[in-house]
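Have a look at the structure below before the remarks.
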Amino acid sequence: MAETSIEWTDATWNPVAGCSIESDGCKFCYAMRMAARLEAMGVEKYQGLTRKSGGRAKWTGRVTLDRKSLLIPATWSKARRVFVNSMSDLFHEDVPAEFIRDVWSVMAETPRHTYQILTKRPRRMTEVLKRDDFPVLQNVWLGTSVEDGRVLARLNELRDVPAAVRFVSFEPLIGSVAKANLSEIHWAIVGGESGPGARHMEPGWVDEIEALCRRAGTAFFFKQWGGRNKKATGRTLNGRTYDEMPASECIMQI
Ligand code: SF4
């Protein structure tokens, strides 16, 4: 487990490492850069996951399943919000359904923790969870990332799967998502890209999302403006911060 500076969670847990580019939102993937650093430091789990191309780290497409990490959540006595797979995508094509089943068992056996699963592959998530009849767990939130209007279909795919909480991360927001349908989506996170080469986020795109949230009754969390130095740009929007979380009454009783 790693304590994390991600504003909307308490800890990260990575039963899988490694990924491949899925869409334009992945272009400056933080996990890809971090995996290259960990590989250079000799950390076994990250060996062979990235290669250098044009001076930048790129995924090789290989994923590592870390069975030992499945034992970790049971060792945390204090309840935490846990971001699952900050260094990968649990629903990457090369993660077998049997392994996802093992991750599900760990989450079922540790109901004190709240698990937040974020994927850019909600179609596969829906297919695997429905086909293999995975139980709906009260402590598991399912989410998808949407970076611009080209991938809004991910919201429909997310809506297709039963979940205690459904959420969307509009980060890195690189285009308007004014046509997004947020019905049955309980929580929306918004953030600009950060780090070298970060693409600009228009303030108007953020206002559009806030308005969509108010209409749909979706909790609105503004994470950051981003840019090269995200500390300098901060996370204040229209003079305040927005740290809303899904209301407990949104969380389905199962
Ligand atoms: S899906 Fe996530 S982890 Fe995978 S390349 Fe894209 S941003 Fe990175």
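The values are calculated or read from the model by the stated rules, or taken from the named source; none is laboratory data. Owing to the predicted nature of the structure, the values given are computational and were not obtained by experimental measurement. Glycine also receives a Cβ, built like all others from the backbone with ideal geometry; neighbour counts cover every protein chain displayed. Calculation scope for accessible area: heavy atoms of the full protein, side chains included, ligands and nucleic acids excluded. Shrake-Rupley method; radii C 1.70, N 1.55, O 1.52, S 1.80 Å.
Treating only the Cβ of Lys, Arg, Asp and Glu as charged (+1, +1, -1, -1), what charge dipole size does segment 1-149 show about its Cα centre? Round to the nearest 20 debye.
Details: 22 positive and 19 negative charges, 72 e Å.
Roughly 340 debye, rounded to the nearest 20.
Give me the Å³ per residue figure for the convex hull around the C-alpha atoms of segment 2-142.
Values: hull volume 15.7 nm³, N = 141.
Considering the Cα atoms of segment 2-142, their hull volume per residue is 111 Å³.
Return the sequence-ordered ³J(HN,Hα) values of segment 150-160 in whole Hz as given by the Karplus equation 6.51 cos²θ - 1.76 cosθ + 1.60 applied to θ = phi - 60°, using x for Gly and Pro.
Values, residue by residue: 6, 10, 5, 4, 4, 5, 5, 5, 5, 4, 7 Hz.
Taking the Cα centre of the chain as the origin and placing charges on Cβ (Lys, Arg +1; Asp, Glu -1), which of ASN238, ALA188, CYS19 is farthest toward the positive end of the dipole?
Farthest towards the positive pole: CYS19.
Placing +1 at every Lys and Arg Cβ and -1 at every Asp and Glu Cβ, with all other atoms neutral, what dipole size does the chain have around its Cα centre, in debye to the nearest 20?
On the way: 36 positive and 31 negative charges, 141 e Å.
For the chain, the charge dipole is close to 680 debye.
Can you pull out the trypsin sites (Lys or Arg not before Pro) in segment 1-95 that DSSP calls coil and that have at most 10 other Cβ atoms within 10 Å?
On the way: sites: LYS27, ARG33, ARG37, LYS45, ARG51, LYS52, ARG56, LYS58, ARG62, ARG67, LYS68, LYS78, ARG80, ARG81; in loops: LYS27, ARG62, LYS78, ARG80.
Within segment 1-95, the qualifying trypsin sites (Lys or Arg not before Pro) (loop, at most 10 other Cβ atoms within 10 Å) are LYS78.
Search the structure for amide H atoms under 5 Å from the amide H of VAL140, placed 1.01 Å from N in the peptide plane, and list their residues when 5 or more places away or on another chain.
Correct list: TYR115, ALA164.
Kindly work out what percent of the DSSP beta bridges joining two residues of the chain are antiparallel, to the nearest 5.
Working: 10 of 38 bridges.
Taking every DSSP beta bridge within the chain, about 25 percent pair in antiparallel fashion.
For MET41, MET125, write out the residues from largest to smallest accessible area, computed with a 1.4 angstrom probe and no ligands counted.
Values: MET41 140, MET125 0 Å².
Largest accessible area first, the residues go MET41, MET125.
Roughly how many nanometres apart are two label points built 7 Å out from the Cα toward the Cβ at ALA216 and ASP102?
Label at ALA216, label at ASP102, 3.5 nm between them.
Could you give me the ³J(HN,Hα) list for segment 182-197, computed from phi with Karplus coefficients 6.51, -1.76, 1.60 and θ = phi - 60°, whole Hz, x at Gly and Pro?
Residue by residue, segment 182-197 yields 9, 5, 6, 10, 8, 8, 10, 10, 10, x, x, 5, 10, x, x, x Hz.
In terms of modelled amide H atoms, which long-range or inter-chain residues lie less than 5 Å from the amide H of SER145?
Close amide H contacts, sequence-distant or interchain: THR119, LYS120, SER169.
Taking H as built 1.01 Å from N, whose amide H comes closer than 5 Å to the amide H of THR9, not counting residues under 5 places away?
When sequence neighbours closer than 5 places are left aside, there are no close amide H contacts.
Quick one: how many Å² of ASP243 are accessible to a 1.4 Å probe, rounded to 10?
Its accessible surface works out to 80 Å², give or take rounding.
Hull surface divided by four, with the convex hull built on the Cα atoms of segment 119-254: how many nm²?
Details: hull surface 33.7 nm².
Reported value for the Cα convex hull: 8.4 nm².
Taking every eigenvalue of the Cα gyration tensor of the chain, multiplying by 5 and rooting it, what semi-axes result, largest first, whole Å? Mind dumping the intermediate values first?
Numbers: eigenvalues 133, 114, 59 Å².
Three semi-axes, in Å: 26, 24, 17.
Let me know the shape class of segment 116-175, please: from the alpha-carbon gyration tensor, a ≥ b ≥ c as square roots of the eigenvalues, rounded when a/c is under 1.5, otherwise prolate if a/b is greater than b/c, or oblate. Before the final figure, lay out each step's value.
Working: a/c = 2.78, a/b = 1.73, b/c = 1.61.
Prolate.
If one computes the Cα centroid of segment 190-233 and of segment 38-55, what distance in Å separates the two points?
Using only Cα atoms to place each centre, the spacing works out to 30 Å.
About the Cα centre, and with charges only on the beta carbon of Lys, Arg (+1) and Asp, Glu (-1), how big is the dipole of segment 142-201? Nearest 20 debye, please.
Working: 6 positive and 7 negative charges, 19 e Å.
Roughly 80 debye, rounded to the nearest 20.
Of VAL146, VAL84, VAL136, which is the most mobile in a GNM of the chain whose springs link Cα atoms less than 10 angstrom apart?
VAL136
Which value, in Å² and to the nearest 10, is the accessible area of VAL161 when all protein chains are kept and the probe is 1.4 Å?
The accessible area of VAL161 comes to roughly 0 Å².
Express as a percent, rounded to the nearest 5, the fraction of DSSP beta bridges in segment 1-147 (both residues included) that run antiparallel. Numbers along the way, then the final one.
Details: 8 of 21 bridges.
Of those bridges, close to 40 percent are antiparallel.
Residue-wise, which Karplus ³J(HN,Hα) couplings in Hz belong to segment 85-90, taking 6.51 cos²θ - 1.76 cosθ + 1.60, θ = phi - 60°, and x for glycine or proline?
Computed from phi, the couplings for segment 85-90 are 6, 5, 10, 5, 9, 4 Hz.
I'd like the accessible area for TRP141, computed on protein heavy atoms only with a 1.4 Å probe and all protein chains in place. Round to 10 Å², please.
Near enough 20 Å² of accessible area.
In straight Cα distance, which aspartates and glutamates are under 13 Å from LYS45, not counting same-chain residues fewer than 8 positions off?
The qualifying aspartates and glutamates are ASP66.
Gain in length, ARG131 to SER23, computed as 0.36 nm per residue apart minus the alpha-carbon separation, to one decimal in nm?
Details: separation 108, 0.36 × 108 = 38.88 nm, distance 2.51 nm.
Additional length available on full extension: 36.4 nm.
What pairs in LYS120/LYS179; LYS78/LYS231; LYS27/LYS120; LYS52/LYS231; LYS68/LYS130; LYS58/LYS223 have C-alpha atoms more than 24 Å from each other?
Exceeds cut-off: LYS78/LYS231; LYS52/LYS231; LYS68/LYS130; LYS58/LYS223.
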